[in-house]
Amino acid sequence: MPLTRCLVVDDDPELLQSVCEYLRRFGFEAIAAPTAARMRSLLAEGGVDVLILDVMLPDGDGLEICTQLRQRPETAALPVLMLTAQGDPHSRVLGLELGADDYVAKPFEPRELVARIKAVLRRRSAPAGAPGGDGSVEFAGWRFDRLKRQLLSPQQVVVPLSSAEYRLLSAFVERPRRVLTRDQLLDATRGQGVVVADRAIDLAVSRLRQKLSAAQDGEQLICTIRGEGYIFDAEVR
């Protein structure tokens with residue numbers, strides 16, 4: 001069975017070396033990249049299973065890089081864990097909104113990093129709970145493949161989803177035409193151990209709504225129920 005291949009991106013040489021050595025002790029294949037340019041080169045070679053990405057790099061912003069990765073079909077489903085400075089909740093929350101699967105605050109306990117990598121991989125490989133034996137559902141001309149984490153529009157165009165948007169849409173298709181409160185959506189979309197404000201859910205819903213309505217001639221599939229939450233107004237097959 002091949003080892004899980006982790007690409008670690010950080011400009012601190014000591015941290016980079018120690019993290020890679022620790023991951024190898026736990027049976028991972030760890031590859032080091034001190035810059036965003038080196039990261040892109042290694043990603044282009046393929047075979048990376050998990051990306052561990054520092055927010056601050058000498059030649060790039062980790063948050064912008066995460067957004068770019070989610071917009072490209074070849075890296076849209078790549079699990080991404082962000083490394084952020086302790087006491088920087090803005091970057092942590094923004095990173096999750098932009099598509100990161102989880103975050104680890106520096107300085108961190110290496111065992112926590114290993115646990116979070118395993119948790120992300122478990123979530124990624126978990127069977128889809130929505131209808132359809134292959135993990136796919138259809139609604140209003142759309143096709144949502146939860147195993148491939150791919151959303152296909154009625155015009156047969158692949159629409160990229162951030163991790164938060166993917167989890168949000170998964171929650172909606174599991175419970176169509178039922179009011180979901182913000183608390184329920186928070187539970188469905190936040191990363192492990194992350195506290196996310198109601199506003200983050202509203203922003204994620206707004207972005208997902210825009211993506212869905214762009215191909216529906218303005219028709220809204222996600223409706224706001226004032227004082228209660230949101231409802232996904234579509235038949236899911």
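Rule-based calculations on the coordinates, nothing more; no lab input. Keep in mind that what you see is a predicted model, and the values were worked out from it rather than measured. Cβ atoms come from the backbone with ideal geometry, glycine included; neighbour counts cover every protein chain shown.
If each residue of separation counts as 0.36 nm, what is the full-extension length gain between Gln210 and Glu14 once their alpha-carbon separation is subtracted?
So the chain would gain 66.3 nm between Gln210 and Glu14.
Between Leu3 and Glu74, what is the spin-label point distance in nm, taking each point 7 Å from the Cα along the Cα→C-beta axis?
2.4
If r is the Cβ-Cβ distance from Leu121 to Leu203 and R0 is 30 Å, what FRET efficiency results, to the nearest 0.05?
0.65
May I ask you to derive the FRET efficiency for Gln155 and Gln184 from their Cβ-Cβ distance with R0 = 35 Å, giving the value to the nearest 0.05?
0.65
Which lysines does Lys118 reach when only Cα atoms under 20 Å apart count, and residues fewer than 8 places away in its own chain are ignored?
Result set, ordered by chain and number: Lys106, Lys148.
Report the FRET efficiency, 1/(1 + (r/R0)^6), for Met56 and Asp145, where r is their Cβ-Cβ distance and R0 is 35 Å, rounded to 0.05.
On the way: r = 34 Å, r/R0 = 0.98.
Rounded to the nearest 0.05, the efficiency is 0.55.
Please list, ordered by chain and number, the residues whose modelled amide H lies under 5 Å from the amide H of Lys106; skip anything fewer than 5 residues away on the same chain.
Under 5 Å from the amide H of Lys106 lie the amide H atoms of Thr84, Ala85, Gln86, each far enough along the sequence or on another chain.
Got a sec to turn the phi values of the range 171-176 into Karplus ³J(HN,Hα) couplings, 6.51 cos²θ - 1.76 cosθ + 1.60 with θ = phi - 60°, whole Hz, x for Gly and Pro?
Computed from phi, the couplings for the range 171-176 are 5, 5, 6, 6, 9, x Hz.
Just want the ordering: Ile225, Ile31, Ile201, from fewest to most Cβ atoms lying within 10 Å of their own Cβ.
The fewest-first ordering by Cβ neighbours comes to Ile225, Ile31, Ile201.
Need one number: nm distance between label points at Arg38 and Arg24, each 7 Å from Cα along Cα→Cβ, rounded to one decimal.
1.4
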